[in-house]
Amino acid sequence: MAGAAAHLAPHSGSATRFEANLATRDTAWVKVAVLGIGLTYFAVFLLLPLVAVFVEAFRKGWEAYLAALVEPDALSAIKLTLIAAAISVPLNIVFGVSAAWAIAKFDFPGKHLLITFIDLPFSVSPVVAGLIYVLIFGAQGWFGTWLSDNDIKVIFAVPGIVLATIFVTFPFVARELIPLMQAQGRDEEEAAITLGASGWQTFWRVTLPNVKWGLLYGVILCNARAMGEFGAVSVVSGHIRGETNTMPLHVEILYNEYQFAAAFAVASLLALLALVTLSIKTYIEWRAGLSTSEEKTL
Amino acid sequence: MSIEVRNISKSFGAFKALDNITLDLPRGELIALLGPSGCGKTTLLRIIAGLEHADRGAVILSGQDASDKHVRERHVGFVFQHYALFRHMTVFENVAFGLRVKPRSERPPEKVIRERVHRLLELVQLDWLSDRFPSQLSGGQRQRIALARALAVEPQVLLLDEPFGALDAKVRKELRRWLRRLHDELHISSVFVTHDQEEALEVADRIVLMNKGRIEQIGSPREIYNEPATSFAYGFIGTVNEFRGRVEGSYVRVGNDLLPHGRTDLSDGSSVVAFARPHDTEIVKGEGGEGVAARVNRILTNGAITRVELLANGEAREGKKDYFEVEVTPDDLVALGLSTGERVRIKSKRLSLFGDQK
């Protein structure tokens, strides 16, 4: 997971120059071979499955497709997925921005520990993440008795799903912003303060506009993961139809019940989400590239 | 606004950036904090602004202790070395920023903001750039915008951190002159940090010379140049010939040579370091007699004054040979009739001696 600053860099024209130069040009068969390997790999492992999802989804026609989507259990799964994302994404924005702000702009004890721990959800298997919450909030867990005494359901209920989603999507925003904010330094904030701006004004008028593309980038990746997460959510969900199923879980259940068309119909929604995410991501990269290249031209 | 700095100390870990600094800066002057990099000058400036907190001591602005006052309330304008312009705002919005963030009750109406920003942009002669973004400006233009932005809130004091450090030599010279003129127009108390002695000598009313977290000398450019108070001041400002040796009567023994010093208050045998400016140093022909032996290395004639570069005869110190420089008028040059490689002696009627701490 490199920072936005690194992978948002604009594409330079060096490739064309390299290719136009006789001294650095490769022979034709090398080009064909490299291109061939790349394209075949892309077609077999990326394009084919994507096409297959939509082909399978529409195998029984439009009506069956729509019926699979408006069926109550599917609708409930879609709703739950949206709820989980709607809660976890804003929370992670708040957390990510404040963590990045703290790390980039201040020196405090435990800073390196915080940077390391932000990455934890990336390095831990999602299943483990789910199990952690079962251990803490489950019936046999640390707070299990207290929770059941007070009639609060976390595991096998919506709160558990939200918690698991927050956990796995935790690093996305912070990880994008930390390198960006560190690269930008404190100068502009200090300038704002000497000009009389309050901390809040400095944040809204200086800090946030400077990182907006990085932030948006983090947010859409965070959102994609929140909606698509399977492992961690699967552990805490309990797979109760119409209640604790998210879209990915619903797809799995349908598939296990041999309802392939319906399974692929719901899956196609997730695939569509991925495509939308990708196009927004490309747009953001282009915009961010535009603003960095502007900075370079003096 | 007058600035008083009282016993300020600041350390970063084991590094002592400022060591008990006390300083009085009267109002209305343009003051240079001059020193080599790492001498603490920027830290001192940031402490005055409130961007850095001193470990000990107080900053007194206009007679009031401002040590615990927030940056916002100190009414200082700060200009950063790398401009720190808001990159997502136009030049106009950059300058207007300080006015727009004022609390509603103090904020001037939009029309007044517009007028004031345009007046400031005219002052820095960049009104025609008001719709551009900082990335579309040259370094010199950015720094002038940064200055206009700092002036927009009508600060009582202007602090500039190496304002011309990131610019090339020609633009730097132009901006220097411009800053001086601006200061003469506005009479706002200003402090700027620089490591460039030429810049300080040319622009400032008064120079505070710093080294290793301490103040070496405070004075007008003339005083700093003509009457350096310490051996550091001598070595840092201007070109200088340096001789190290021991006092022997009315001479300083430098290696095998004897250099007349003309002072009476020195005890025999004490280690000293002696300085003489190139224009106060003279060349004596012949190998015998008083003066430090040297060999003519190069004769550089460009302009009215000829500079003669000489190579010391003595052993190379710390791997590098000592060079001397003497300025000679054309008449003297003809009278001397020097040639490259010739062995001569140099001495000075205006030798300054300091105890050698090394």
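The values are calculated or read from the model by the stated rules, or taken from the named source; none is laboratory data. These numbers come from a predicted model, not from an experiment. Cβ sites come from the backbone with ideal geometry, for glycine too, and all protein chains shown count toward neighbours. For the accessible areas, the whole protein counts, side chains as well, though only heavy atoms, and no ligand, DNA or RNA atoms are used. Shrake-Rupley method; radii C 1.70, N 1.55, O 1.52, S 1.80 Å.
Filter region B:61-109 down to the residues that are part of a strand (DSSP E or B) and touching a residue at least 24 places away in the same chain (Cβ under 8 Å), then identify the one that is farthest from the other protein chains (Cβ to nearest Cβ). In this case the residue turns out to be B:Leu61. Take region A:183-203 and flag every residue that is among the hydroxyl-bearing types (Ser, Thr, Tyr) and open to solvent by 20 Å² or more (accessible area, probe 1.4 Å). Listed by number, the list holds a single entry, A:Ser198.
The residues of region B:1-38 that are outside any strand (DSSP E or B) and either at pLDDT below 90 or of a type in the set (S, T, N, Q) (or both), listed by number, are B:Met1, B:Ser2, B:Gly13, B:Ala14, B:Pro26, B:Arg27, B:Gly28, B:Ser37, B:Gly38. The set of residues in region B:277-304 being farther than 26 Å from B:Tyr225 by Cα and assigned to a loop (DSSP other than H, G, I, E, B) consists of B:Gly286, B:Glu287, B:Gly288, B:Gly289, B:Glu290.
Just one of the listed residues (B:Ala312, B:Ala294) is in contact with a Leu (Cβ under 9 Å, 6 or more places away or on another chain) and open to solvent by less than 20 Å² (accessible area, probe 1.4 Å), namely B:Ala294.
For region B:179-223, taking the residues that are in contact with a Leu (Cβ under 6 Å, 6 or more places away or on another chain) and assigned to a loop (DSSP other than H, G, I, E, B), the one that is farthest from B:Leu30 (Cα to Cα) is identified as B:Gly213. Of the residues in region A:75-94, at least one is open to solvent by 40 Å² or more (accessible area, probe 1.4 Å), under 30 Å from A:Phe58 (Cα atoms) and more than 22 Å from the chain's Cα centre (by Cα).
Summed over region A:56-71, the residues that are of a type in the set (A, V, I, L, M) and either in contact with a Phe, Trp or Tyr (Cβ under 6 Å, 6 or more places away or on another chain) or surrounded by fewer than 12 Cβ atoms within 10 Å (Cβ to Cβ) (or both) give a count of 3. Considering (1) outside any loop (DSSP other than H, G, I, E, B); (2) open to solvent by 40 Å² or more (accessible area, probe 1.4 Å); (3) of a type in the set (S, T, N, Q), the lone condition that A:Gln140 does not fulfil carries the number (1).
Restricting the search to helices (runs of 4 or more DSSP H) fully inside region A:191-298 and requiring at least 1 residues that are in contact with a Leu (Cβ under 8 Å, 6 or more places away or on another chain) gives A:208-228, A:231-237, A:247-256, A:260-296. For region B:152-178, a tally of residues being within 13 Å of chain A (Cβ to nearest Cβ) and modelled with pLDDT of 85 or more returns 11.
The selection criterion, being within 14 Å of chain B (Cβ to nearest Cβ), buried (at least 20 other Cβ atoms within 10 Å of the Cβ) and free of Cβ contacts under 8 Å to residues at least 24 places away in the same chain, holds for A:Val206. Here B:Pro36 fulfils each of the conditions (1) out of contact with any His (no Cβ under 9 Å at 6 or more places or on another chain); (2) farther than 24 Å from B:Ser189 by Cβ; (3) away from chain A (no Cβ under 13 Å) apart from (1).
Which members of region B:224-250 meet the condition of being within 13 Å of the chain's Cα centre (by Cα), more than 29 Å from B:Ala150 (Cβ to Cβ) and in a loop (DSSP other than H, G, I, E, B)? B:Gly238, the sole residue that qualifies. Select from region B:125-151 the residues that are in a helix (DSSP H, G or I), open to solvent by less than 20 Å² (accessible area, probe 1.4 Å), more than 9 Å from chain A (Cβ to nearest Cβ) and not aliphatic (A, V, I, L, M) and list them in ascending order. Those that are in a helix (DSSP H, G or I), open to solvent by less than 20 Å² (accessible area, probe 1.4 Å), more than 9 Å from chain A (Cβ to nearest Cβ) and not aliphatic (A, V, I, L, M): B:Gly140, B:Gln143.
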